[in-house]
Amino acid sequence: MDGTVKASPDAAAVPPQYFRGNESSLVSALKTLLFFTILMVTVPIGLYFASKVYVFEGSMKMSSSDSYFYAAIVAVLAVHVVLALFVYVAWNEGMPKGKGKHD
């Protein structure tokens, strides 16, 4: 025996067993990542323009330069909220439904 292991020709085509068991959790994680990626792009930009036009310039009658500044603050706060939600969801994603605390 020379110590080498011969693999069958179709061994590369079949994924390992551990991959099949985790496929649903992988898909779930990718869906979560895609959802929060879309939120990270759309929510801050949408809130920036909506708050600038409707809140700061429309309701509060601020100048254009002031509304840029305050709308940017709203967008930064939105980024932080989306990131905090992502961390919360990612932290609790692998937990069983009945558990409320991490050890």
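In segment 25-35 there is no residue matching the filter, namely being within 25 Å of PHE69 (Cα to Cα), within 23 Å of the chain's Cα centre (by Cα) and modelled with pLDDT of 95 or more.
Looking only at residues of segment 73-94 that are without any contact (Cβ under 8 Å) to a residue 60 or more places away in the chain and not hydrophobic (A, V, I, L, M, F, W, C), we find that the one that is least open to solvent (accessible area, probe 1.4 Å) is ASN92. From the list SER65, SER25, SER59, the lone residue that is loosely packed, with under 12 Cβ neighbours inside 10 Å and touching a residue at least 40 places away in the same chain (Cβ under 8 Å) is SER25.
The values are calculated or read from the model by the stated rules, or taken from the named source; none is laboratory data. Just so you know, these numbers come straight off a predicted model, no measurement behind them. So basically every Cβ, Gly included, is an ideal-geometry build from the backbone, and we count neighbours across all protein chains shown. Surface areas here come from the heavy atoms of the whole protein model, side chains and all, with no ligands, DNA or RNA. Shrake-Rupley method; radii C 1.70, N 1.55, O 1.52, S 1.80 Å.
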